[in-house]
Amino acid sequence: MSAGDECDVVAFVGAGAPLAEAARRAWDGGRAILPINPAFTPAEITTLLARLRPTHVVADRGQPGGSRSAFPGGVPAPAGTAAVVVTSGTEGTPKGVELTRAGMDAMGRGYSAGLDAGPGDRWLACLPLHHVASLGALARSYVTGVPCTVHAHFDVERVARSPRAEGTTIVSLVPTTIRRLLDAGAPLHDFRWVIAGGAPCPPALRARAEDAGARVIDAYGLSETWGGFALDGTPIDGAEVRTAADGEILVRGLMVMRGYRLDPERSQAAFDADGWFRTGDIGAIDGDGRVHVTDRVKDLVITGGVNVSPTEVEAVLARHPHVHDVSVVGVPDDEWGELVVAFVVPRPETRAPSLAELRDFAREHLSGPKLPRAAHTVAEIPRTTSGKPLRRLLRERATGDGAGT
């Protein structure tokens with residue numbers, strides 16, 4: 001590529017307002033921003049930089065603009081790249097997702113139109129900016145001119161005060177943070193919209209938020225699509241969505257990534273022959289064109305030849321009066337192929353439900369193959385910062401612990 005076909009990639013190790021300002025400056029200058037979690041250890045940062053090879057690095061040390069330096073062996077990105085977002089790594093090694101300026105524009109305008117966001121609104125980015133949920137809010141603000149308030153980290157009390165103290169009207173959250181705000185009695189009804197993204201929002205949690213007066217809308221998307229490309233299942237303008245023969249959801253449009261940075265093999269595998277991005281999610285599209293997501297392809301449990309949706313099982317078990325949080329995985333079994341195993345966090349001041357009690361409770365709503373064959377009581381469900389359960393860690397634990405409770 002000639003110099004005109006390339007752009008610098010600026011890695012920024014920091015958070016909050018300094019990172020937001022760095023991103024805006026990068027976009028003003030035609031550069032790409034690579035946000036890096038400042039909570040990473042020096043060894044983790046070194047490994048990540050070596051893998052993604054930005055042209056420059058800025059380490060925020062509390063000084064305006066931080067300290068910018070060239071990165072030895074850095075590789076420019078194709079012109080028009082806006083951001084390189086590091087995936088959460090739920091399936092192993094994180095990847096660098098190259099997102100384009102054209103995609104930022106398409107996502108920003110389409111998403112904002114879907115919410116009817118206008119001059120009277122203000123976004124609240126209260127999740128870490130190195131994740132696409134908050135970076136997407138900042139990008140929508142940049143594209144449309146709707147202002148955005150950025151918090152350095154999630155703080156229940158500050159978010160609860162934000163509509164009245166900071167004038168924010170639209171907030172992007174993940175299920176974990178919605179639950180924390182509800183538990184604290186936060187007035188979510190003060191926001192015009194509460195966006196639930198990052199991970200599927202359990203129906204019971206959404207109902208609880210709406211009973212408290214919140215206007216909730218589910219945003220479905222991935223890091224690879226600049227965040228949400230469907231709002232309550234309806235694709236935003238410019239997003240084409242269909243399902244493959246096996247039920248995998250495919251999407252095509254400007255908001256879809258260019259590819260994984262410096263990883264041509266993974267990039268090629270992410271798309272089919274016609275340029276549709278493979279989301280890795282299983283779902284369906286109804287007669288009104290709305291997308292319904294059920295599970296990750298790799299999370300389906302196949303037991304005795306029956307495909308079991310862990311999300312479906314979780315939704316039922318979550319209604320048990322003693323269950324605070326729950327995640328379901330499949331673990332290998334010589335006879336059945338896989339067994340359905342539940343990990344349960346009991347509600348405070350209650351005893352953990354037994355396996356028999358969980359099965360009896362769920363039997364009215366789930367057929368036999370979907371009932372858990374083992375259950376483990378845990379203090380918490382391991383999750384990414386965006387709220388996705390780290391099922392591979394639970395599978396490892398279940399395999400090591402053996403079946404049963």
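Some notes on this structure:
- Ranked list, fewest to most other Cβ atoms within 10 Å of each Cβ, for Thr169, Thr41: Thr41, Thr169
- Ordering 369-375, 138-144, 157-163 by mean Cβ neighbour count within 10 Å, with the highest value first, yields 138-144, 369-375, 157-163.
- Theoretical FRET efficiency, 1/(1+(r/R0)^6), r = Cβ-Cβ of Leu254 and Val345, R0 45 Å, to 0.05: 0.65
- Computed from backbone phi, the HN-Hα couplings of region 241-253 come to 9, 8, 10, 7, 4, 8, x, 5, 7, 10, 9, 9, x Hz, rounded to whole numbers (Karplus: 6.51 cos²θ - 1.76 cosθ + 1.60, θ = phi - 60°; Gly and Pro given as x).
- Label-to-label distance for Thr234 and Ala43 is 5.0 nm, based on points extended 7 Å past Cα in the beta-carbon direction.
- Take the Cα of Gln268, step 7 Å toward its Cβ, do the same at Glu364, and the gap between the two points is 5.4 nm.
- Scoring 121-132, 198-209 by mean Cβ neighbours within 10 Å over their residues and listing the highest first yields 121-132, 198-209.
- Each Lys and Arg adds +1 at its Cβ and each Asp and Glu adds -1 at its Cβ; summed about the Cα centre, the chain shows a dipole of about 920 debye.
- Rough spin-label spacing in nm, given labels placed 7 Å along Cα→Cβ, for Ala113 and Ala17: 3.4
- With eigenvalues of the C-alpha gyration tensor scaled by 5 and rooted, region 319-377, Å: 21, 13, 8
- Under-5 Å amide H pairs with His324, H placed in peptide plane, nonlocal only: Val345, Arg347
- Considering only the Cα atoms of region 70-162, their convex hull presents on average a projected area of 8.2 nm².
- Working from Cα pairs under 8 Å separated by at least six residues, relative contact order for region 296-405 is 26 percent.
- With coordinates expressed along the principal axes, the C-alpha atoms belonging to region 354-405 extend over 34, 25, 19 Å, beginning with the largest.
- In order along region 287-298, phi translates into HN-Hα couplings of x, 8, x, 8, 8, 10, 9, 10, 7, 6, 3, 6 Hz, rounded to whole numbers, per the Karplus curve 6.51 cos²θ - 1.76 cosθ + 1.60 with θ = phi - 60° and x for Gly and Pro.
- Ordering of 300-306, 353-359 by burial proxy (mean other Cβ atoms within 10 Å per residue, highest first): 353-359, 300-306
- Put simply, the amide H of Thr81, placed in the peptide plane, has neighbours under 5 Å in Arg101, leaving out anything fewer than 5 places away on its chain.
- Here the Karplus relation 6.51 cos²θ - 1.76 cosθ + 1.60, evaluated at θ = phi - 60°, turns the backbone of region 372-388 into coupling constants of x, 9, 8, 9, 10, 8, 10, 6, 7, 8, x, 9, 6, 5, 8, x, 6 Hz, with x for every Gly and Pro.
- Using the Stokes-Einstein relation with a Kirkwood hydrodynamic radius computed over Cα pairs, the translational diffusion coefficient of the chain at 4 °C and a viscosity of 1.567 mPa s comes to 58 µm²/s.
- Enclosed volume per residue, in Å³, of the convex hull spanned by Cα atoms of region 300-401: 97
- Radius of gyration and Dmax over the Cα atoms of region 189-250, both given in Å: 13.3, 43
- Fluctuation leader among Arg392, Arg363, Arg109 - the chain, Gaussian network, Cα springs under 10 angstrom: Arg363
- 5 angstrom amide H check on His376, placed H, neighbours 5+ away: Ala342, Phe343, Val344
- Top of Thr176, Thr384, Thr149 by mean-square fluctuation, Gaussian network on the chain, Cα under 10 Å: Thr384
- Ranking Ile282, Gly110, Ser134 by how far each Cα lies toward the positive end of the dipole of region 3-292 (charges on Cβ) leaves Ser134 at the top.
- The chain: relative contact order in percent, alpha carbon pairs under 8 Å with at least 6 residues between: 11
- For Glu335 and His292, a Förster radius of 30 Å and the Cβ-Cβ distance give a FRET efficiency of 0.40, rounded to the nearest 0.05.
Coordinate-derived values only; no laboratory data. Nothing here was measured: the structure is a model prediction, and the numbers come from that model. Cβ: placed from backbone, ideal geometry, glycine included. Neighbour counts: every protein chain shown.
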